[in-house]
Amino acid sequence: MAPVPADIDVLVVGAGPAGTAAGIEAARRGLTAVVVDKARFPRDKTCGDGLTTGALRLLEEVGLDARSLPGYASVHETVVAGPDGRQLTLPLPRGAEYAGVVPRVELDAALVGLARDRGVEIREGTGLAGVEMRADHTVAELDGGEPVRARFVVAADGHYSAVRRSLRADAPNLGTWHAFRQYFTGVRAERLWVLFEEDLLPGYAWVFPLPGGRANVGFGVLRGSATTGKELATMWRGLLERPGLRAVLGPDARPAESVRAWPIPAALDPDLLVQARALFVGDAAGVVDPLTGEGIAQAIETGMLAVRAIDDAGPAPVRVAAAYRRSVHHHLGRDLRFATALQRVLGSPRGARFALRAAGLTAWTRRNFARWMFEDYPRAVVLTPERWRRGLFHQPGAYAESA
């Protein structure tokens, strides 16, 4: 029997930052792609809403100016509070964007709109019923029974990936971290705050400022620190009453919505990046930074890397898989492993105090620790000299030419 040709090159499941970046990269390379998502946009995605330098540069690369979004707030200074209450102020350079905050309901909708503008077909309100791997293509059944034949599938459908569940019978992973988030109004804080409370380590609480006195307030802890939703809720209520956090929020701060929780998958397993003709990206690939919980930059980058592997490595799925794994290892893997090692240092109050004291020794250490924390350069760059190049530590932030 003659092989059935694929209708499209790439089916992308999920229209968050990873999926839209994959669609935009496919369009840029002349590949036919369809992006499907069970949600309709704008839709909220529970998140801390923080954007690192790495995330902002990648948004600039795909063509989105985050500063144009009404809910965007630039961050030029961060305050880190240690478990002993000592505060460290970390400045970021001016003249470009090195950190920012924007609600995901705005960011994700803007990326969907940008992808459409680039000619990417996006089908909202369309979930995945199942996917089948064949020798020379994939067949995905969408909600409503519609089949789509694609050469490859890019699974950008989050931690509880429908693509993975369709292909594997494994029990769903519960995530490496738990996190809680609640929006507040009437917040006094205008700087970004990170609070290392002793009972949260190596996790932390945060106050990420938004325009108009709003803020994204939350905390993240490793699984094991609290294992049930009831325990997390109790921890959250107690955290909101602590003097340190109350002082940051100010006396007029009030919740603007109910609290929401979500798992954070920060455990990259190279063996789970690819299955046959399915490439996993973003949260579905577990590429969240285990040190900070940042996942937007990693989502965008893996979405682009997956499409590049499909386009560059030729039609054979084995070659595509090998190329994608190499790319993820080169661009992300070493930094994520290094961040995991540092997480152990921050797991004890003594380690956290030592790290903050070292970071605050001089104006130079404060400035460069801030840039390192916000992924201005790779986490493990000092340990990977093959990535050293002139100007590595003096790169401009995002949108520098238009600042």
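For the range 358-394, filtered to residues that are more than 22 Å from HIS329 (Cβ to Cβ) and of a type in the set (S, T, N, Q), the residue that is surrounded by the fewest Cβ atoms within 10 Å (Cβ to Cβ) is THR362. As a summary of the residue check, LEU200 satisfies the conditions (1) in a helix (DSSP H, G or I); (2) aliphatic (A, V, I, L, M); (3) within 29 Å of ALA66 (Cβ to Cβ) except for the one numbered (1). Hey, any hits in the range 192-212 for a residue that's over 25 Å from GLY351 (Cα atoms), crowded, with 19+ Cβ neighbours inside 10 Å and either among the β-branched types (Val, Ile, Thr) or under 19 Å from the mean Cα position of the chain (by Cα) (or both)? Checking the range 192-212: at least one residue is over 25 Å from GLY351 (Cα atoms), crowded, with 19+ Cβ neighbours inside 10 Å and either among the β-branched types (Val, Ile, Thr) or under 19 Å from the mean Cα position of the chain (by Cα) (or both).
Conditions tested, residue by residue: (1) under 22 Å from the mean Cα position of the chain (by Cα); (2) under 29 Å from VAL120 (Cβ atoms); (3) not in a helix (DSSP H, G or I); (4) not hydroxyl-bearing (Ser, Thr, Tyr).
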site	(1), (2), (3), (4)
GLU301	yes, yes, no, yes
LEU305	yes, yes, no, yes
ARG308	yes, yes, no, yes
THR340	yes, no, no, no
ALA358	no, no, no, yes
ARG366	no, no, no, yes
GLU375	yes, yes, yes, yes
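For the range 213-262, the set of residues classified as surrounded by 19 or more Cβ atoms within 10 Å (Cβ to Cβ) and β-branched (Val, Ile, Thr) consists of VAL217, VAL221, VAL248, listed by residue number. The residues listed here are ARG94, ARG67; of these, the one that is over 17 Å from ALA370 (Cβ atoms), surrounded by fewer than 23 Cβ atoms within 10 Å (Cβ to Cβ), basic (Lys, Arg) and touching a residue at least 12 places away in the same chain (Cβ under 8 Å) is ARG67. Taking the range 133-168 as the range and being aromatic (Phe, Trp, Tyr) and either in a helix (DSSP H, G or I) or surrounded by fewer than 20 Cβ atoms within 10 Å (Cβ to Cβ) (or both) as the test, only TYR160 passes. Answer with yes or no whether ASP108 is free of Cβ contacts under 8 Å to residues at least 60 places away in the same chain and under 24 Å from the mean Cα position of the chain (by Cα). Here the answer is no, as ASP108 does not meet what is asked. With respect to (1) outside any loop (DSSP other than H, G, I, E, B); (2) at pLDDT below 95; (3) charged (D, E, K, R), the lone exception for GLU61 is condition (2). Summed over the range 111-132, the residues that are surrounded by 21 or more Cβ atoms within 10 Å (Cβ to Cβ) and under 23 Å from GLY54 (Cα atoms) give a count of 3. Taken together, ILE296, ILE310 contain a single residue that is out of contact with any Ser or Thr (no Cβ under 6 Å at 6 or more places or on another chain) and either among the acidic types (Asp, Glu) or closer than 23 Å to ARG168 by Cα (or both), which is ILE310. Only one of the numbered conditions (1) basic (Lys, Arg); (2) in a helix (DSSP H, G or I); (3) closer than 21 Å to GLY50 by Cα is not met by ARG379, and that is (2). Out of PRO270, PRO265, PRO315, one residue alone is surrounded by fewer than 22 Cβ atoms within 10 Å (Cβ to Cβ) and closer than 25 Å to GLY224 by Cβ. It is PRO270.
The values are calculated or read from the model by the stated rules, or taken from the named source; none is laboratory data. Please read these numbers as outputs of a predicted model, since none were measured by experiment. Glycine gets a Cβ as well: all are built from the backbone with ideal geometry, and neighbour counts include every protein chain shown.
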